[in-house]
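Visitor: Let me begin by handing over the structure; questions about it come next.
Derivation of every value follows stated rules applied to the coordinates shown; laboratory data play no part. Keep in mind that what you see is a predicted model, and the values were worked out from it rather than measured. Cβ coordinates were reconstructed from backbone atoms using ideal geometry, including for glycine residues, and neighbour counts include every protein chain displayed.
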Amino acid sequence: MADLIVEKREGIALVTLNRPAKRNAFSPEMVVRLAKFWRDVIGDHDVRVVVITGAGDQAFSSGGDLGTVIPIMMRTRDPRDEWEEQLAADRKQLGAALLRDATFFKPVIAAINGHAYAGGGELLLATDLRIMSSEATIGFPEVRRGLIAHDGALVRAARQVAWVHAMELLVAGEQISASRALEMGLVNRVVPPADVLPVALDMARRVGLGAPVALEKTKEAMVLSSGRPFDEALAIETRCTKENAATDDAKEGPRAFLEKRAPVFKGRASK
């Protein structure tokens with residue numbers, strides 16, 4: 001089977017990192033497929049929410065495969081198959097796969113079924129809501145390998161949790177338990193392993209009740225205003241508010257409420 005599996009149903013795209021025998025480490029194939037998925041799903045109006053998880057019950061992802069992805073990224077050997085050639089031709093695909101840039105505004109929920117290390121942890125920091133197995137751990141061991149986390153974690157961590165917690169994650173380089181991640185505010189919920197995906201999918205269904213453009217514009221305003229001066233942040237919020245107000249859904253929502261019925265959102269601008 002492919003190293004990445006995508007299933008779409010009822011407005012949800014379920015993405016599975018599919019290398020359980022390798023602790024779902026990112027292979028060149030997985031990186032290329034995942035980068036393409038994020039690009040394609042932006043324009044897929046049938047998908048309102050993305051849920052991402054790992055295959056099996058041992059790992060969400062252990063990060064980049066040290067035998068394939070890392071040598072290609074470090075240019076320490078030549079590509080050996082078509083997937084390695086595609087990655088070598090555009091190494092920025094790794095950052096795209098891990099959502100390094102602030103350009104993806106559909107809500108993303110992480111179903112953390114197992115351990116998340118290095119790049120796996122960086123991908124988690126790029127998600128918006130997180131359901132974590134009570135048996136899982138999170139770790140950023142890069143500094144102990146002479147490297148640094150470089151796909152967004154150094155920027156995102158201190159914006160998501162207190163400075164001291166971010167430093168604990170990224171400088172100490174030690175694994176933290178699910179209970180510690182919850183205490184830090186790094187995840188939303190910790191549940192038994194068997195409940196991780198069902199709880200994440202239930203959350204996705206509830207998030208998906210929102211209007212598509214309203215969901216994206218809410219995330220866009222929050223992401224792009226983070227860390228900016230107050231006036232600049234308010235200007236971003238105002239722009240997103242106006243753009244959302246130009247949709248049919250912005251009229252449908254209040255109308256449906258007054259008519260005491262469920263809204264029918266279409267996710268498009270008014271004509």
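Visitor: Can you pull out the GluC sites (Glu not before Pro) in region 7-103 whose DSSP state is coil and whose Cβ has at most 12 other Cβ atoms within 10 Å?
Guide: Numbers: sites: Glu7, Glu10, Glu29, Glu82, Glu84, Glu85; in loops: Glu10.
Listed in order of number, the matching sites are Glu10.
Visitor: Take the Cα gyration tensor of the chain, multiply each eigenvalue by 5, square-root it, and list the three semi-axes largest first, rounded to whole angstrom.
Guide: The answer is 32, 21, 20 Å, longest axis first.
Visitor: In addition: Mean-square fluctuation check for the chain, GNM, Cα pairs under 10 Å: which of Ala245, Ala157, Ala181 is largest?
Guide: Result for the chain, Cα springs under 10 Å: Ala245 fluctuates most.
Visitor: Next up: So if I restrict to the alpha-carbon atoms in region 212-258, what is the Rg, and what is Dmax, the biggest pairwise distance, in Å?
Guide: Just the Cα atoms of region 212-258 yield Rg and Dmax of 12.1, 38 Å.
Visitor: Counting pairs of alpha carbon atoms under 8 Å apart in space and at least six apart in sequence, what relative contact order in percent does region 4-207 give?
Guide: Relative contact order here is 20 percent.
Visitor: DSSP beta bridges in region 1-105, what fraction antiparallel, as a percent rounded to 5?
Guide: Counting DSSP beta bridges with both partners in region 1-105, the antiparallel share is about 45 percent.
Visitor: How far apart, in nm, are two points set 7 Å out from the Cα along the Cα-to-Cβ line at Thr103 and at Ser179?
Guide: Distance between the two pseudo-spin positions: 4.3 nm.
Visitor: Straight-line reach only, C-alpha to C-alpha below 29 angstrom: list the lysines that Lys260 could link to, leaving out same-chain residues fewer than 8 apart.
Guide: Excluding near neighbours in sequence, the set is Lys106, Lys217, Lys219, Lys242, Lys251, Lys271.
Visitor: Quick check: the distance between the Cα centres of region 21-64 and region 204-271, to the nearest angstrom?
Guide: 26 Å
Visitor: Scan region 1-85 for trypsin sites (Lys or Arg not before Pro) in coil per DSSP, keeping those whose Cβ has at most 14 other Cβ atoms within 10 Å, and list them by number. Don't skip to the end; give the middle numbers.
Guide: Details: sites: Lys8, Arg9, Lys22, Arg23, Arg33, Lys36, Arg39, Arg48, Arg75, Arg77, Arg80; in loops: Arg23, Arg48, Arg75, Arg77, Arg80.
Those that pass, being in a loop and sparsely packed, are Arg75, Arg77, Arg80.
Visitor: For region 120-271, what is the Kirkwood estimate of the hydrodynamic radius, computed as the reciprocal of the mean inverse distance between distinct Cα atoms, to one decimal in Å?
Guide: Mean inverse Cα-Cα distance, inverted, gives 18.0 Å.
Visitor: Could you please rank Lys260, Lys219, Lys92, placing first whichever residue has the fewest other Cβ atoms within 10 Å of its Cβ?
Guide: Lys260, Lys92, Lys219
Visitor: Expected output is a single nm value to one decimal: the length gained when fully extending between Arg255 and Glu85, i.e. 0.36 nm times separation in residues minus the C-alpha distance. What is it?
Guide: 55.9 nm
Visitor: Let me ask something additional. Can you say what percent of the DSSP beta bridges in region 4-207, counting only those with both residues inside, are antiparallel? Round to 5.
Guide: That works out to approximately 25 percent antiparallel.
Visitor: With each pseudo-label sitting 7 Å past Cα toward Cβ, what's the Ile148-Asp57 distance in nm, one decimal?
Guide: Output for this residue pair reads 4.0 nm.
Visitor: Among Thr247, Thr241, Thr68, rank each residue by its count of other Cβ atoms within 10 Å, from fewest to most, as a rough exposure measure.
Guide: Fewest-to-most ranking of Thr247, Thr241, Thr68: Thr241, Thr247, Thr68.
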